[in-house]
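Okay, structure first, notes after.
The values are calculated or read from the model by the stated rules, or taken from the named source; none is laboratory data. None of these values were measured; they are calculated from a predicted model. Virtual Cβ from ideal backbone geometry, glycine too; neighbours counted across all protein chains shown. Accessible surface is based on the protein model in full, side chains and every heavy atom, while ligands, DNA and RNA are left aside. Shrake-Rupley method; radii C 1.70, N 1.55, O 1.52, S 1.80 Å.
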Amino acid sequence: MATAAAAGAVEQVNESDVLEDLLRERRSVRGFKKDPVPADLLERVMEMAQLAPSNCNVQPWTAHVVSGDSAERMRTVLHEAAKSGTKMTPDFPLTGAYPGHYRGRQIDAAKSLFAATNVAREDVAARTESFLRNFRFFDAPHAMFLFIPAWAGMREAADCGMYAQSFMLALTANGLASCAQGALSHHAEIVHRELGVGDDHKLLFGIAFGYEDAAHPANSARTVRDRDHVMHG
Ligand SMILES: Cc1cc2nc3c(=O)[nH]c(=O)nc-3n(C[C@H](O)[C@H](O)[C@H](O)COP(=O)(O)O)c2cc1C
């Protein structure tokens, strides 16, 4: 890929390096500045996400983005529901305890977050408070709620995941940060009501996004990856 540099010279950009940088730079951010994303930038990022592939090109995702007053209202009602122990109403059953090494990976990620935020393992109140921040979408100025049609199955859910990663990488490429959040689907009934979405669509998960607050302790947490592929032939 060649781009015209300011001086008019042609600079060679290695696309693989650019993509790898973006993939490494994206991480779950759990502390945001209050500044909203400018509308034209948000529109551009949404258009980039829409380029995601899908089974038979059905593009089964519908993304609802809350900002401003709608974001404040949503975080207030979701936080209140979670804090008061209101019965959860997920559209898709929640995964139970992870088995074996999957559980190990979950624990490692949680340990990193608790170490970063100085939450002790035995401090149940602090852990609860940390979990409840999910429902305020970590004070991000925006949250996306991702729905798929009620008829959809696992394939369409996978399509939606592709959309989500495209969206998050597009955010990263534009200096923005995000955190995918299954927690935002726990009280689906409330989300449906707030957004006016009927039962012909099901809520899969949400994504908090905005500008990272680099000073927030949660944002120094880091995760690692195992090698998990098998080459044949
Ligand atoms: C579909 C999905 C749902 C997630 N749900 C949550 C969530 O509810 N709360 C949270 O803090 N992180 C959530 N995460 C973030 C993961 O914990 C995170 O991606 C993982 O630990 C790897 O860390 P990284 O994103 O910083 O690379 C979710 C991620 C995905 C892809």
What's the long-distance tail for the chain, i.e. % of Cα pairs beyond 34 Å? 18
Using a probe of 1.4 angstrom, how much of the accessible area of the stretch 27-220 is carbon and sulfur, in percent? 55
Ordering of 94-101, 165-172, 220-227, 205-212 by packing [mean C-beta count within 10 Å, highest first]: 205-212, 165-172, 220-227, 94-101
With the radius of gyration and the Kirkwood radius both derived from the Cα set of the stretch 159-233, what is their ratio Rg to Rh? 1.07
Residue by residue through the stretch 98-107, the couplings from Karplus 6.51 cos²θ - 1.76 cosθ + 1.60 with θ = phi - 60°, in Hz, x for Gly and Pro, are 6, x, x, 5, 5, 4, x, 5, 4, 5
The chain, accessible area per residue, ligands and nucleic acids excluded (1.4 Å, Å²): 59
Karplus (6.51, -1.76, 1.60) ³J(HN,Hα), θ = phi - 60°, over the stretch 69-80, in Hz, Gly and Pro reported as x: 4, 5, 5, 4, 5, 5, 5, 5, 6, 5, 5, 4
Enumerate the amide H contacts of Val29 below 5 Å, restricted to partners 5 or more residues apart or on another chain; note that Pro and chain-start residues carry no placed amide H. Ser178, Cys179
Test of understanding: extend the Cα→C-beta vector of Leu19 to 7 Å, then name every residue of the stretch 151-182 with backbone N under 14 Å from that spot. 166, 169-170
Model label zone, Trp151; criterion: amide N under 16 Å from point 7 Å along Cα-to-beta-carbon; scope the stretch 178-207: 199-202
Hey, what do the phi angles of the stretch 13-27 turn into as Karplus ³J(HN,Hα) couplings, whole Hz, using 6.51/-1.76/1.60 and θ = phi - 60°, x for Gly and Pro? 10, 7, 5, 5, 5, 4, 5, 4, 4, 5, 5, 6, 6, 5, 8
Output the peptides 122-130, 58-66 sorted from most to least packed, where packing is the average of other Cβ atoms within 10 Å over each peptide's residues. 58-66, 122-130
